[in-house]
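Notes for the one structure printed next.
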Amino acid sequence: MTRSPLPLGIDIGGSGIKGAPVDLETGSFAADRIRIETPGASTPKAVIKIVKEIAGEFESQCGDGPVGVTVPAVTSGGVVHTAANIDKGWIGADAGAMLTEALGRPVHLLNDADAAGVGEMQYGSGRGAQGTVLVVTLGTGIGSALFVDGILVPNTELGHLEIDGHDAEKRASNGAREADDLSWEKWAKRLQRYFRHVENLFWPDLIVIGGGISKKSDKYLPLLDIRTPIVPATLRNDAGIIGAAWIATQKAGRPGR
Ligand code: BGC
């Protein structure tokens, strides 16, 4: 019996490019993840070369299966429209087509937070949640994924809300916590300002916090005084890869669950 190829998820971030084959039955990696440093000049050409290298490593498991790739930017129809934390050369690039050509099979491109949100809604903290759910990733920037009754509203970009005259992610991201060397208490104050603003705009039923720092949520979530239930992501930093693989499989018309 021939086994169908596993979907591959690849997450392009400001510091690392990470990929793994995904088991859609369990919503987990089917092999150890590969991570390669993002090149200093993170141009589409340099990054796509690395994506190709990662895909090559998983050739035997993933063959010509679906591939989902995430970028930290607004994307639609494969075209990238913004570049807050990556090389500006991505703006206007038809990265979906470039990746499809480089990998020799269709690649589905999407925003990194949207992919992480999809992962959490399918397999993690948002599973089965109805109403308005907001997944917010706290990393170098702030990413957002908005779901209404399980349906994604893509490219919401709530990290760039202007609050008190600042681009929100410049004050409240994990990158800002590190850059400004903030204590958990000081950072929690900034997070509270951010989440109160967001909840007053969207009135979500649930907020899920993603990104690597979600594993330390006990340090700051209890300090937040907001009305919306707020929980850490279950899949943490794996959510983007898992969500990208899930969505690419749906797009390819080969749903695995
Ligand atoms: C970008 C978003 C991205 C987020 C997290 C923001 O600066 O504009 O597209 O989702 O960072 O990486």
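The values are calculated or read from the model by the stated rules, or taken from the named source; none is laboratory data. Bear in mind the structure is a predicted one, so any value in this text is a computation, not a measurement. So basically every Cβ, Gly included, is an ideal-geometry build from the backbone, and we count neighbours across all protein chains shown. Side chains included, ligands, DNA and RNA excluded: accessible areas come from the protein's heavy atoms. Shrake-Rupley method; radii C 1.70, N 1.55, O 1.52, S 1.80 Å.
Normalised by the number of residues in the range 115-257, the mean separation of alpha-carbon contacts (under 8 Å, six or more apart) gives a relative contact order of 32 percent. Partner lysines whose Cα lies under 18 Å from the Cα of K215, excluding those fewer than 8 positions away in the same chain, are not found. Per residue, the range 128-233 exposes an accessible area of 47 Å² to a 1.4 Å probe, with every protein chain left in place. Ranked from largest to smallest solvent-accessible area, with a 1.4 Å probe on the protein heavy atoms, K216, K52 come out as K52, K216. The charge dipole of the chain, taken about its Cα centre with unit charges on the Cβ of Lys, Arg, Asp and Glu (plus for the first two, minus for the last two), comes to roughly 200 debye. Ranked by the mean number of other Cβ atoms within 10 Å per residue, highest first, peptides 163-172, 66-75 order as 66-75, 163-172.
For the set E185, E157, the ranking by accessible area, highest first and with no ligand, DNA or RNA atoms included, is E185, E157 under a 1.4 Å probe.
For the range 128-233, with all protein chains in place and a probe radius of 1.4 Å, 51% of the accessible heavy-atom surface sits on carbon or sulfur.
Pull out a ≥ b ≥ c, the square roots of the eigenvalues of the alpha-carbon gyration tensor of the range 1-142, then state rounded if a/c is under 1.5, prolate if not and a/b is larger than b/c, and oblate in the remaining case. In terms of gyration-tensor shape, oblate.
Take each peptide in 112-118, 77-83, 241-247, count the other Cβ atoms within 10 Å of every residue, and average; sorted highest first, the result is 112-118, 241-247, 77-83. In the complete set of protein chains, residue-level accessible area for M98 is approximately 80 Å², probe 1.4 angstrom.
Per residue, the accessible area of the range 1-51 comes to 51 Å² when a 1.4 Å probe rolls over the protein heavy atoms. Size check on the range 128-233: the Cα extents along the three principal axes, sorted descending, read 38, 28, 22 Å. Sorting D11, D32 on solvent-accessible area from highest to lowest, probe radius 1.4 Å, gives D32, D11. Among beta bridges from DSSP that stay inside the chain, the antiparallel ones total about 60%. So which aspartates and glutamates pass the test for K251, namely a Cα distance under 16 Å, with those fewer than 8 places away in the same chain ruled out? Cross-link targets: D64, D114.
Note on the range 128-233: antiparallel DSSP beta bridges, both residues inside, total approximately 60 percent of the bridges counted.
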